[in-house]
Amino acid sequence: MMQIVIATRNDDKYKEIRDILLDKEIEVLPLKDFPDAPEVEETGATLDENALLKAKSAYEATGLPSLADDTGLMVDELKGAPGVMSARFAGENATYGDNCSLLLSKLNGVQAEKRSAKFICIAALVDASESIITRGEVRGVILTEPRGENGFGYDPIFLPDQSELSFGEMTTEEKKLIGHRGKAFSEMLGKIKDMYR
């Protein structure tokens, strides 16, 4: 069985990625199993750069193939913000609620047809021989108030185009099927199986 490190200390993100990668041939390890692995500053200008930074750092610290993602919410009315700053939109130690509240305040009074947005997830795998990137995207709109208790981050205020449920109202399985992270990591799973056959 091959082992892969998920290069995040965010438990919510780790669980979502682990559930997408459920496979009898892969053992998924959380980064917290490696206490000496350094914190990575997300200094990249793009989601791709940040995902690769995190995966490379985890690989160098563990010696095991390492997977990371960087995800951004791009709101058209805000010219693509919060984008690469999505996790830190309301400040360095912002909570999910802080980020959602700031975004909703910036869109206060904006009509429904101008609240379009997209989630983009970049997944990066780094091992001894190569690095691979996959991408998942889902379009939708930003709601005027949170709906649902599931998911994390901006999930309760994002309504994907192909659903009447916000990500915050979906089950893990429902979100996996249409979500940006589900798309990126499902494609990555196929590539991992090809690489390590």
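Nothing in this text is a laboratory measurement; each read-out follows from the coordinates by a stated rule. Keep in mind that what you see is a predicted model, and the values were worked out from it rather than measured. All Cβ positions, even for glycine, are placed from backbone atoms using ideal geometry, and neighbour counts span all protein chains on display.
Annotations
- Globularity ratio of the stretch 12-100, using Cα Rg and 2.2 N^0.38 Å: 1.21
- Helix axis angle, 96-106 relative to the chain longest principal axis, alpha carbon, degrees: 40
- Relative to the longest principal axis of the Cα atoms of the chain, the long axis of helix 11-20 makes an angle of roughly 70 degrees.
- Cα-projected label distance for Leu165 with Phe152, points at 7 Å along beta-carbon direction, nm: 2.0
- A protection proxy built from the mean count of other Cβ atoms within 10 Å ranks the segments 51-62, 109-120, most packed first, as 51-62, 109-120.
- The relative contact order of the chain comes to 18 percent, based on Cα pairs under 8 Å that sit 6 or more residues apart.
- Cα pair count fraction exceeding 30 Å, expressed as % - the stretch 2-195: 18
- 15 Å reach of a label modelled at Glu42, 7 Å along Cα-to-Cβ, counting backbone N of the stretch 58-75: 68-75
- When the chain is described by a simple charge dipole with +1 on each Lys and Arg Cβ and -1 on each Asp and Glu Cβ, the residue from Ala7, Val138, Thr62 located farthest towards its positive end is Val138.
- Cross-link partners for Lys183 among the lysines, with Cα-Cα distance under 18 Å and sequence neighbours closer than 8 places in the same chain left out: Lys13, Lys15, Lys118, Lys175, Lys191, Lys193.
- Residue list for the stretch 27-56, given a label point 7 angstrom along the Cα-to-Cβ vector of Met1 and an amide N cut-off under 12 Å: 27-29
- Burial ordering of Asp33, Asp98, fewest other beta-carbon atoms within 10 Å first: Asp33, Asp98
- For the stretch 134-187, the average shadow cast by the Cα convex hull is 3.4 nm², which is a quarter of the hull's surface.
- Of the beta bridges in the stretch 2-195, as assigned by DSSP with both residues counted there, near 80 percent are antiparallel.
- On full extension, the segment bounded by Ala112 and Ala94 gains 3.8 nm, given 0.36 nm per residue less the C-alpha separation.
- Chain lengthening between Ser105 and Glu25 when straightened (0.36 nm per residue, less Cα-Cα): 24.2 nm
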